[in-house]
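To start, the structure under review is shown below, and the notes come after it.
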Amino acid sequence: MDTSLTPPDSSPATAPAAAVRPGNGRRPGFGTLLAVDLWERFSFFGMAAILVLYLTASEARGGLGMAPQSATAIFAAYMSLTFMAGLPGGWLADRVLGARRAVLLGGVLITCGHAVLAVPVTGSLCAGLLLVVVGTGLVKPAMAAMVAGVSGDGEGRREAAFRLFYMCIQVSALVAPVVTGLLAERVAWHLGFAAAAFGMTAGLIQFALGLRRYGDVGARPPRPVPRPEAAAMLRRAAWVTGVVGALVVVPASCGLLPLPAVLAVLGLTTVTLPFWYLRSLRRTHALAVGHKRRLGGFTALMAASAAFWMIFAQSGSALTLFAERHTDRDLLGFEVPASWFQSVHPLFVLLVAPLFARLWLRAGPRVDVPVKFAGALITAGLSFLLMAVAARLAEHGPVGPHWLLLVYLLYSCGEIALAPAGLALAAAVAPPGSTSRLLAVNGLFGAVGVVVGGQLFRLTAVLSSAAYFLLLGAFVLVVGTTVALGTPQLRRLLGRPAAPASS
């Protein structure tokens, strides 16, 4: 557990925690936030489990009959947009709405998006996905900021809270694919989307009923924009949204704009946005030199984490298609739905998380954020080298499910190491009043990995699946090794002392 990374974040977003923490050390409202995120993640993972399968299913089976490359690109675009939306969503939470109202508004939009997808009407796909994207962009950074607010000061306490939060929501990731997958693949695709809408509705109700438990946390924006300036910004945002909708969204929905062109523009925007934002933040004259240096180390680690998320995002696309088409799914005469394999990953997270928590405790400061990132990347790279072997064997017929199980186990271990540490690092290095936005930037680098992975999947049109998995696995291994070798420099940038030598 990291206890000496940087000075505690003193932003107003987290400061109210002291006012609501009782003397016995409990976290008021933490359990309610946990329950709300359980439902929100149920809706997210539930749809992620069935989206590619729905897009590639034949029209006779109720799907859209897309080619795997196009379906995977759309899935990657959707996933990356949910991450990208966190930046404006985080700004709205920090400067205009406050975290509570951001969660409420975002939850309503997510519910409406799933409801639109649940209606079997041609052309509802883009509208439904966009509503989910905008809602998720509001909910995720605001929810993370509230977790940071109720967890109290201190990097070790904050990372412990995020670790607990991250582990508990794996329950949703475990259950959601089973529920939505069974409904979608065995009954009707749109019924699976309806189940996701139900999950978000339940989360909204629970959040509203528990508002009084948070004290002052998230009640107001920590650094509010003056009302006239906010109104002017919202008018400009409305104009930009209208122009983008008129020039891109509507033509794309009507088939007047080629899908590859839309995805190319989205991919370029995704890759450049987080670097541009962090560069502009570091050049802010009001920031202290120490903050700028820590943001430099944060940028380097986040850029490396994109390679991990590139592997991780293949679960809902490449690995799901592999499960459907190249894996023997017969279990005592019952054909296991392909979407159920996405429940394996959170199951492994829940099983091995206590072992990792004990490992971090015993290792102490030697296993800090750079070390965790390097280990996660190397593990993810190895998982796709193993996947390359499975794909090579699958050229001669379906392979056993144990190959996918081993792959999920490896990068589940990587996620346990990287994801909570990344969230805690973002909260720690955030300049005053920018907690939600830095947490959103952490997600933006996930979007970089997702969209790059989605575009790279197009290589399967000219490469074998084995070569594709080998290429990605080798690349991520190189990135992980680079982070491991650069750990001393990263520690200096982040303001950490050198790790003590092993006794």
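Can you compute the equivalent ellipsoid semi-axes for segment 17-494, i.e. the square root of 5 times each eigenvalue of the Cα gyration tensor, sorted largest first and rounded to whole Å? Don't jump to the answer; show the numbers that get you there.
Details: eigenvalues 211, 145, 103 Å².
Equivalent-ellipsoid dimensions as semi-axes: 33, 27, 23 Å.
A crude spin-label estimate for the pair Leu355 and Leu485, with each label 7 Å from Cα along the Cβ direction, gives 3.0 nm. For Val478 and Val187, the FRET efficiency from 1/(1 + (r/R0)^6), where r spans their Cβ atoms and R0 equals 41 Å, is about 0.40.
Look at Val336, Val175, Val407 and count the other Cβ atoms within 10 Å of each Cβ; fewest to most, that gives Val336, Val175, Val407. When each of Trp91, Trp276, Trp39 is scored by the number of other beta-carbon atoms lying within 10 Å, the sequence from fewest to most is Trp276, Trp91, Trp39.
Nearest 0.05, what FRET efficiency do Arg223 and Ser70 give at R0 = 60 Å with Cβ-Cβ as r?
0.90
Among Phe457, Phe475, Phe44, the order by Cβ neighbours within 10 angstrom, fewest to most, reads Phe475, Phe457, Phe44. Subtracting the Cα-Cα distance of Phe275 and Arg366 from their residue separation scaled by 0.36 nm leaves 29.9 nm. Sorting 265-273, 125-133 by their mean Cβ neighbour count within 10 Å, with the most densely packed peptide first, gives 125-133, 265-273. Working ranking of peptides 223-231, 296-304 by packing, defined as the average number of other Cβ atoms within 10 Å per residue, highest first, is 296-304, 223-231.
Using the Cα centre as the reference, give the magnitude of the dipole from point charges on the C-beta atoms of segment 17-494 (Lys, Arg: +1; Asp, Glu: -1; all else neutral), rounded to the nearest 20 debye. Mind showing how you got there, number by number?
Numbers: 37 positive and 17 negative charges, 399 e Å.
Its charge dipole is roughly 1920 debye.
We did not get these values from a lab; they are worked out from the coordinates using the rules stated. Here the structure is a predicted model, which means the values were calculated and not measured. Because the Cβ atoms are built from the backbone with ideal geometry, glycine has one as well, and the counts that use them run over all protein chains shown.
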